[in-house]
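The values are calculated or read from the model by the stated rules, or taken from the named source; none is laboratory data. Nothing here was measured: the structure is a model prediction, and the numbers come from that model. Note that we place each Cβ from the backbone using ideal geometry, even for glycine, and neighbour counts take in every protein chain shown. Note: accessible area is taken over every heavy atom of the protein model, side chains too, but ligands, DNA and RNA are not part of it. Shrake-Rupley method; radii C 1.70, N 1.55, O 1.52, S 1.80 Å.
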Amino acid sequence: MATTRRWFNVESVPQSHIFPLEDRPGQEPIPLCRKIPIINLGQHPNSERTDTIHRIIQASQEYGLFQVIDHEVPEDVKTEALRVLEELFSMPSEEISKEAKESGWVYMGSTSFAAKGAHLWRDNIKHPCHPLEDCLQHWPQNPTRYREVVAAYIEEIRRLSLRILELISEGLGLDKGYLGGTSQVQFLTANNYPPCPDPSVTLGVLRHFDHSLITILLQGNNVEGLQVLKDGKWIGVEVVPNSFVVNIGTQLEIISNGRLKSPEHRVVTNAKQARSTIATFINPSPDCIIQPAKVLVNEANPPLYPSLSFKDFVHASKPFGPSTDALQIGVPSKNV
Ligand SMILES: O=C(O)CCC(=O)C(=O)O
Ligand SMILES: [Fe+2]
């Protein structure tokens, strides 16, 4: 294959990608944390189900995230999704940009979104996934099997997320379907973080909170890079084979009235290997009013957060810069 020269094929990091000192990961190695709970979601007898729920709630309080295994998402659905995204990211940037504009999905190439004055060391695409049948026609057309492969992935993730939300609802003492009923909208954001000549000055993603109920993250190809802030210190999230990382989003923190914590996290780069990830945000529908669940609020536990529609919350925080509005509507308009 003829190799086009890509933005990341450089010997040193260009000035445009060097972050201000206070945001840089720096030289000091950040250890992987081996204590983040790994939760087996296999079918259990009732007593074990109670234990699973307890572990999920505890992990969500302590770390704001956990990993799940034995989740019933078929291996080939995951590997195919990662593969088709890899093919997409290997296309020339101009071609990806052109197609994104025409079809109405979002491409954030490494030069298109400056955060804190520097560009992220990644290529990224985003698109809504709900309702699936309406969104599909606005997804990438190339590679030609993209829509079929990613739709199969999204359907699996929807099933998985409903299972997890049911367990969390029970753990919080809410009706089983409480959180699942709120979660109507998924959107996908996929990343390719190429190897970087100097990971100490660059970032794959700046520190942030996810404004979802939960985020389900697939870390591909065994390469670490996700870090979470715990007790004021960054810790690395290990890649567990055949797992998903589940991250508590700010909307679930609000509904739980602060019992569950949404963790601040970031992505660092590395000098040796490319890293691929697919994050699926499980969101409330735009008009849904997000507030502490009534059963979790009483005189001793007053509401710690105001009520706000999800749409207004997102408009106020603009997590995706100028693309935010298009991504929250569910079905994108043309030429976002
Ligand atoms: O790629 C990752 O490891 C995490 C990405 C992320 O935090 C996000 O998309 O919100
Ligand atoms: Fe995130």
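Is one or more of the residues making up segment 254-276 under 30 Å from N298 (Cβ atoms), more than 15 Å from ligand 2 (Cβ to nearest atom), in contact with a strand residue (DSSP E or B) (Cβ under 8 Å, 6 or more places away or on another chain) and in contact (Cβ under 8 Å) with a residue 60 or more places away in the chain?
Start the filter on segment 254-276 by keeping residues that are under 30 Å from N298 (Cβ atoms), which leaves 254-264.
Narrowing further to those that are more than 15 Å from ligand 2 (Cβ to nearest atom): 254-260.
Filter again for in contact with a strand residue (DSSP E or B) (Cβ under 8 Å, 6 or more places away or on another chain), leaving 254-255, 260.
Remaining after also requiring in contact (Cβ under 8 Å) with a residue 60 or more places away in the chain: 255, 260.
Yes, that holds for at least one residue.
State whether the residues of segment 204-226 include one that is in contact with a Cys (Cβ under 9 Å, 6 or more places away or on another chain) and closer than 23 Å to P263 by Cβ. Step through it out loud before you land on a result.
Here is the first cut: in segment 204-226, the residues in contact with a Cys (Cβ under 9 Å, 6 or more places away or on another chain) are 204.
Okay, now just the ones that are also closer than 23 Å to P263 by Cβ, so 204.
Checked against the condition, which is being in contact with a Cys (Cβ under 9 Å, 6 or more places away or on another chain) and closer than 23 Å to P263 by Cβ, segment 204-226 yields at least one hit.
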Legend entry - Contacts under 8 angstrom Cβ, first residue in segment 92-105 being open to solvent by less than 100 Å² (accessible area, probe 1.4 Å), partner of a type in the set (G, A, S) and part of a helix (DSSP H, G or I), 6 or more apart: G104/A326
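Looking at V223, V185, which one is assigned to a strand (DSSP E or B), open to solvent by less than 30 Å² (accessible area, probe 1.4 Å) and away from ligand 2 (no atom under 16 Å from the Cβ)?
Values: V223 fails: assigned to a strand (DSSP E or B).
Only one candidate qualifies: V185.
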Inset, instruction - Give me a count of the residues in segment 108-141 that are over 22 Å from Q15 (Cα atoms) and either open to solvent by less than 40 Å² (accessible area, probe 1.4 Å) or in contact with a Phe, Trp or Tyr (Cβ under 7 Å, 6 or more places away or on another chain) (or both). - result: 10
Legend entry - Members of segment 59-83 that are over 18 Å from I214 (Cβ atoms) and either among the hydrophobic types (A, V, I, L, M, F, W, C) or open to solvent by less than 10 Å² (accessible area, probe 1.4 Å) (or both): V77, A81, L82
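On the given criteria, is V246 closer than 24 Å to H54 by Cβ, in contact with a His (Cβ under 7 Å, 6 or more places away or on another chain), hydrophobic (A, V, I, L, M, F, W, C) and within 16 Å of ligand 2 (Cβ to nearest atom)?
no
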Inset, instruction - Pick out the one residue from L206, L260 that is more than 26 Å from F19 (Cβ to Cβ) and in contact with a helix residue (DSSP H, G or I) (Cβ under 7 Å, 6 or more places away or on another chain). - result: L260
Inset, instruction - Kindly provide the set of residues from segment 188-220 that are within 7 Å of ligand 1 (Cβ to nearest atom) and either assigned to a loop (DSSP other than H, G, I, E, B) or polar (S, T, N, Q) (or both), ordered by number. - result: T189, N191, G204, D210, T215, Q219
